[in-house]
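Colleague: Here you go, one structure.
The values are calculated or read from the model by the stated rules, or taken from the named source; none is laboratory data. This one's a predicted model, so the numbers in the text were calculated from it and none came from an experiment. Virtual Cβ from ideal backbone geometry, glycine too; neighbours counted across all protein chains shown.
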Amino acid sequence: MQKLFRVFLNSATYPFKNFAFVQENNAYYELVLLSLLQTENTIMYSIGGDKARIEKIDSFKNFPYAQKYLKPCIYNKGNCNTCGKCVRTMVALYALGELDKYSKVFDIDYFYKNIDWYIGYTIAHSRNEHYKESLNMMKKKNMLISKEAYRIGKVLSAAQKICDKNKNFIKSKMNI
Ligand SMILES: [Zn+2]
C-alpha cells in the first residue's frame, strides 16, 4: 500500500470531541489507530472529526457527484438500501430534505413505501448518535413521524434487548 498511496484520508466515524477508548467500538479511538498504521511513505489522516455525520452528509450538496456515486453500503455491489449504513444515510438525507436527489444510488420508491420501517429502525437505534442526529433533525423540522414508526421502533428495540440478553446462551448452543 505504501507504494501506491502517499496520503490516506479516512473520514472520522465520530466527532473528535467524543474520543474515548471504548472496548466494543474502536472507531472512537481511530485517531490513535491510524497513527499506528502510518509508515515512512504513507501518512494517514482522520478528517471531518470537527463535524457531526449529518453535517458531513449535508455538505454533499456542494458535490453533485455524490448523487451519482455515493456508496455507504457495507456490501460490494451498489447500495442494498437495508443495511445499517444505507438506512442511516438514507434517513439522514430524508431528514435534510435531500433524499429525492439520490435516485441513482438509492431505491427511493422502496424507501417511501417502507418509510415507517426506516423511521422505526432509526428510533430503535437512536442511542447511536448517527441515528439520533437524523431523528433530532426530523423533530426540529416538525417532520411527520407516524405512530406506526414509533411502534416499529419499540418492537425492534425490544427484540434487540432480548437478543443482547441472551447472546451468550445462543452462542453456547451453536456448534461452530
Ligand atoms: Zn447497504
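Colleague: Please determine, by comparing only the residues of region 49-60 that are free of Cβ contacts under 8 Å to residues at least 60 places away in the same chain and not small (Gly, Ala, Ser), which one is nearest to the ligand (Cβ to nearest atom).
Modeller: Here the answer is Ile57.
Colleague: Which fully enclosed helices (runs of 4 or more DSSP H) of region 95-176 have 1 or more residues being at pLDDT below 95?
Modeller: Because the criterion is at least 1 residues that are at pLDDT below 95, the helices (runs of 4 or more DSSP H) in region 95-176 that meet it are 129-140, 147-165, 167-172.
Colleague: State all residues of region 41-66 that are of a type outside the set (Gly, Ala, Ser), out of contact with any strand residue (DSSP E or B) (no Cβ under 7 Å at 6 or more places or on another chain) and not in a helix (DSSP H, G or I); if no residue qualifies, say none.
Modeller: Asn41, Asp50, Lys51, Phe63, Pro64, Tyr65
Colleague: Additional query: Which one of these does Tyr131 not meet: (1) of a type in the set (Ser, Thr, Tyr); (2) more than 15 Å from Ile145 (Cα to Cα); (3) in contact with a Ser or Thr (Cβ under 6 Å, 6 or more places away or on another chain)?
Modeller: Evaluating Tyr131 over (1) of a type in the set (Ser, Thr, Tyr); (2) more than 15 Å from Ile145 (Cα to Cα); (3) in contact with a Ser or Thr (Cβ under 6 Å, 6 or more places away or on another chain) leaves (2) as the failure.
Colleague: Yes or no: region 32-48 includes at least one residue that is in contact with a helix residue (DSSP H, G or I) (Cβ under 6 Å, 6 or more places away or on another chain), surrounded by 15 or more Cβ atoms within 10 Å (Cβ to Cβ), touching a residue at least 60 places away in the same chain (Cβ under 8 Å) and of a type in the set (A, V, I, L, M, F, W, C).
Modeller: Within region 32-48, not a single residue is in contact with a helix residue (DSSP H, G or I) (Cβ under 6 Å, 6 or more places away or on another chain), surrounded by 15 or more Cβ atoms within 10 Å (Cβ to Cβ), touching a residue at least 60 places away in the same chain (Cβ under 8 Å) and of a type in the set (A, V, I, L, M, F, W, C).
Colleague: Same structure again: Can you tell me which residues in region 61-90 are away from the ligand (no atom under 16 Å from the Cβ), at pLDDT below 90 and within 28 Å of Ile123 (Cα to Cα)?
Modeller: Result: Lys61, single match.
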